[in-house]
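S.K.: Got a structure here, written out as structure tokens. Questions coming.
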Amino acid sequence: MTDRTEDMRRGLCALALLALAAAPAIAGNLHYSLLDEPARPFPARLVLLPPQVTVKEVAAGGIMERVPEWTRWASDNIREELLVSLGWRPEFTLLPMPALTAAEQERVEQYLASCMVVGIAAHWATTAGGSAWAHKRSHFDYTLGEGLAFLRERTGADAALLVIAEDYVSSSGRKAARLLGALVGLGIPGGQAIVSVGVIDLHNGDLLWLHHSQSGSKDLKDREAVRQMLSEALATLPAPGPVAAP
């Protein structure tokens, strides 16, 4: 993926995730095939995809700039807390990503970009889409295609678990502007941490489970904040086997 393509993808995703942050957090979405008869069992063997994490500083004027060091901190926090949290779920078998060729790495990156777009669309439709999208809430059927089928063959996993996270941190100038704005009745948005967790069926690409969590006070550079947000999300992760109807 070229730097230009990556910058465009991240820019579009940043705008979409900020818009999504206005929607309420949800308990989670389940693919309809997990609930229909005969129900598809939820998979037990999961390969952990590389977390997709970005931390940006928001200037007083609203300009967002990615901060590589903060992004690394947040990425490390999410990766480590994800392993800890899932370690408390012994019913799952967690499998590492295999070593990838350059072509496979490119394939994974393109697939992850699609995951971001589809995940945002799914969250919007099921939280902020209104009555026009009620059918998606009752018949959650999003899919991403078979692009990662090779990981099933390489790892023995039945599904992949993905975390996408964005953190928008207000600069000191932004915080001052918010304070002054409040004094004159002008609302200026503050920081926002957003974490999306999903499980993708490696047989056909179906998005089996999806959870969106957000906070206006938590900071993904803080390990405890990450622990709390991931714990909230993973609390809705179904156990392997038949899934009970919500």
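What follows draws every value from the coordinates through simple rules; no lab data is involved. Keep in mind that what you see is a predicted model, and the values were worked out from it rather than measured. When we count neighbours, we look across all protein chains shown, and the Cβ atoms used for this are built from the backbone with ideal geometry, even at glycine.
S.K.: Could you calculate the contour length gain from R66 to L94, that is, 0.36 nm times the residue separation minus the distance between their Cα atoms, to one decimal place in nm?
M.R.: 7.0 nm
S.K.: Then there's this: Sort L86, L34 by Cβ crowding within 10 Å, fewest neighbours at the top.
M.R.: L86, L34
S.K.: So if R0 is 25 Å, what FRET efficiency would H139 and S114 give, r being the distance between their Cβ atoms, rounded to the nearest 0.05?
M.R.: Working from the Cβ atoms, E equals 0.75.
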